[in-house]
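Novice: Sharing a structure below in structure tokens format, with a few things to ask.
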Amino acid sequence: MIIDTHTHIYLPEFEDPDAAVERALAAGVGHMVLPNVDMTSIEPMLSLHDRHRDCTSVAMGLHPTEVGPGWNADLIQIERLINERDDFVAVGEIGIDLYWDISYRKEQRSAFVAQIDMALRHGLPLIIHCREGLDDILDVFASFSKLPEGVFHSFGGEVTDIERIRRFGDFYFGINGIVTFKNSRLRDVIPSIGADRILLETDAPYLAPVPHRGKRNESAYIVHTAAYVADIMRVPVDEIVGITERNARQLFKIPPYNQNA
């Protein structure tokens, strides 16, 4: 079955997130990982997860674009939640984003360091958001003697970026609707990643794949991304689905699907 390893179907763009879950299940998506964004997204995310525990997992972190003057207090609350609950599968999404605003660059780096430390303390992998921030991310990585496992979500970089990242660890790479875009260079990059380090994702409600580009994205649309990746790798779709499902279960410790449940 397909695992959507990065979806925000709990956000306000979805007036009925439960219906979005049902559409995903009907499309063949068996599980969805819901990463947090900021302090306001925690309640709707956990609420959706609590209603659909059989097919969702949650990750807790502070998105880099949401890092501001009060980031340290936010992280105290975030770690308190991680201590209180035993169902978080990752720290995320976290990272560096210098595309929109560089005024909090220093704070983003500090928050990233703090959340890597948090992941190490709790034995959790990372969900990494990187937009115009790879140099900073790798500079932060260099300050650690040990790093958690993790995924570079919504990866859209070059082969040279993969090589730079792999100097620090055998990371996974999240592939979403970007791969279906006409001007995407990912078709040339994906073979260098290799199927054993690919995770499928949507990043819903953003980055809807062709033929839904320009619309609100949702987890049900991941089937189109899976088909594109299979075509690039020149293997049947079922094979890519199986490999990426195994990858997701391994990274996030998602229990095997019980067909008799």
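Novice: Remind me, relative contact order of the chain in percent, using alpha carbon pairs under 8 angstrom and six or more residues apart?
Specialist: 20
Novice: Suppose the chain between VAL237 and ASP170 were pulled fully straight at 0.36 nm per residue; how much longer would it get relative to their current alpha carbon spacing?
Specialist: Working: separation 67, 0.36 × 67 = 24.12 nm, distance 2.43 nm.
So the extension gain works out to 21.7 nm.
Novice: Write out the GluC sites (Glu not before Pro) in the range 1-89 meeting two conditions: DSSP loop, and at most 11 other Cβ atoms within 10 Å of their Cβ.
Specialist: Working: sites: GLU13, GLU15, GLU22, GLU66, GLU79, GLU84; in loops: GLU13, GLU15.
Sparse-neighbourhood loop GluC sites (Glu not before Pro): GLU15.
Novice: Right, here's the next one. Quick check: residue separation of PHE181 and ASN83 times 0.36 nm, minus the Cα distance between them. What number comes out in nm?
Specialist: Values: separation 98, 0.36 × 98 = 35.28 nm, distance 4.04 nm.
Working it through step by step, the gained length comes to 31.2 nm.
Novice: Shifting gears a bit: Only Lys, Arg, Asp and Glu count, each charged at its Cβ (+1, +1, -1, -1), so figure out the dipole size of the range 71-211 about its Cα centre, rounded to 20 debye.
Specialist: Magnitude of the dipole: close to 240 debye.
Novice: Given a Förster distance of 35 Å, report the FRET efficiency between ILE102 and ASP16 from their Cβ-Cβ distance, rounded to the nearest 0.05.
Specialist: Approximately 0.40, to the nearest 0.05.
Novice: If you compute Cα Rg over 2.2 N^0.38 Å for the structure shown, which of [x] 0.94; [y] 1.04; [z] 0.99 do you land on?
Specialist: [x]
Novice: Then there's this: Please order THR65, THR40 by the number of other Cβ within 10 Å, starting at the fewest. Display every interim value, and only then the final one.
Specialist: On the way: THR65 19, THR40 12.
Lowest count first: THR40, THR65.
Novice: Now a separate question. Cross-link partners among lysines for LYS146, C-alpha distance below 30 Å, same-chain residues fewer than 8 apart left out?
Specialist: LYS106, LYS253
Novice: Oh, and also: Counting other Cβ atoms within 10 Å of each Cβ, which trypsin sites (Lys or Arg not before Pro) in the range 140-180 have at most 12 and sit in a DSSP loop? Kindly include the intermediate steps, with their values, before the conclusion.
Specialist: Numbers: sites: LYS146, ARG164, ARG166, ARG167; in loops: LYS146, ARG167.
Those satisfying the criteria are LYS146, ARG167.
Only the coordinates and a few stated rules stand behind these numbers; no lab work does. Just so it is clear, the structure is predicted and the values come from calculations on it, not from any experiment. Every residue, glycine among them, receives a Cβ derived from its backbone with ideal geometry; neighbour counts consider all protein chains shown.
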